[in-house]
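Working notes, beginning with the structure itself.
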Amino acid sequence: MKHIISPSILAADFANLGAEIEKINNSQAEWIHLDIMDGVFVPNISFGFPVIKYVKKYARKILDAHLMIVNPDNYIEQFGAAGIEYLTVHYETCVHLHRTLQKIRSCGMKAGVAINPHTPVNLLSEIISEVDLILIMSVNPGFSGQKFIPNTYGKVAQTKELLQQKNANAIIQVDGGIDLSNAAGLYEAGANALVAGNTIFMSNDPINTIYQLKCE
Ligand code: DX5
Ligand code: ZN
C-alpha cells in the first residue's frame, strides 16, 4: 500500500480556506482531514457542516473526517450526505461500536476507529475485521500543534500485528505531531496514512512538505 497523506485543515488559514484547499488540490496528498470537535469529548470546538460543505465544494481529494464528539451516531447520515468518504469515530465515545461502524458503512462511507494515546491496541481485537481504518492518536486529541508521543511507534507495530493475526487489512493512520522527523519511522512500523496539520500549513512550501512526508 502506498503512503497516504491527509493534511488537517484545522491548521489552515480559515480566512483563505479556498486558497488553502487549492494548495492541497495541487499536491500529492490523497486525502483532506477534517477534525470535528464538540467541546465535550475534547476541550476544544472546531467546525461543523457549514465549513464541510465548502471544503467538499472545492476539494478534489478524498475527505476523511475524524469525529471527536460524543454520540457520533446522531450525525452519521449527515456526514454521509455531506460527501465524507472515510468517517472515523473514537473508540472511547462508542458504547455500541459494532453498531456504529455498521451504520457508517450502511450510509456508504468507509468506517474508521480512533484510539487515544492511553487506549491499548488489543481492545480492538474483536472489531478489527469490521473496520476500514484504524487511527492511532499520537497526541491527546483537541488541538493541532502538539508534541508527538513516542509510544505511538509500538502501538502502530501492534496494530499491524493484530491485523495480520486476524487476516484483516485496514489502513493504519497516525494523527498528531507528525513531521519529517517521525514520518519514516511510522511507515517502517506499519503505518500507511499520516495526518499532518502544522507541518504542512505552516510550511513555506506545503506542496514540497507533502512530497517529503510521503517518504516514497
Ligand atoms: C488533534 C487532531 C489532529 C491535528 C493534527 O486533535 O485530531 O488531526 O489537527 O495537527 P498537527 O499535525 O499540527 O498535530
Ligand atoms: Zn485528527
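Quick note: the coordinates plus some simple rules give every number you see, no bench work behind them. Values in this document were obtained by computation on a predicted structure and should not be read as measured data. Backbone-built Cβ (ideal geometry, glycine too); neighbour counts: all protein chains shown.
Observations, loosely collected:
- Chain lengthening between Lys53 and Leu123 when straightened (0.36 nm per residue, less Cα-Cα): 21.8 nm
- Shape analysis of region 17-61 places it in the prolate category; the axes a ≥ b ≥ c from the Cα gyration tensor give an a/c of at least 1.5, with a/b above b/c.
- Computed over neighbours whose Cβ is under 15 Å from that of Ile149, the net charge equals 0, Lys and Arg +1, Asp and Glu -1.
- Counting every other Cβ atom within 10 Å of each residue's Cβ, Asp35, Asp205 order from fewest to most as Asp205, Asp35.
- Working from Cα pairs under 8 Å separated by at least six residues, relative contact order for region 102-177 is 36 percent.
- Straight-line reach from Lys103: taking Cα to Cα under 13 Å and skipping same-chain neighbours fewer than 8 places apart, the aspartates and glutamates in range are Asp73, Glu77, Glu130.
- Fully extended contour minus Cα-Cα distance, from Val70 to Ser106, at 0.36 nm per residue: 10.9 nm
- Cα shape, region 1-104, gyration tensor, a/c 1.5 rule: prolate
- The length gained on full extension between Asn204 and Gln146, counted as 0.36 nm times the residue separation minus their Cα-Cα distance, comes to 18.9 nm.
- Top of Ile134, Ile84, Ile149 by mean-square fluctuation, Gaussian network on the chain, Cα under 10 Å: Ile149
- For the residue pairs Lys110/Lys166; Lys53/Lys214; Lys57/Lys160; Lys56/Lys214, alpha carbon separations beyond 26 Å are given by Lys53/Lys214; Lys57/Lys160.
- Relative contact order, percent, region 17-157 [alpha-carbon distance under 8 Å, six or more residues apart]: 18 percent
- Between Asn167 and Glu188, the simple label model (points 7 Å from Cα in the Cβ direction) yields a spacing of 3.2 nm.
- Projected label distance in nm at Met1 and Glu77, using a 7 Å step from Cα toward the beta-carbon: 3.1 nm
- Residue-count net charge about Val195 - beta-carbon cut-off 14 Å; Lys, Arg +1, Asp, Glu -1: -3
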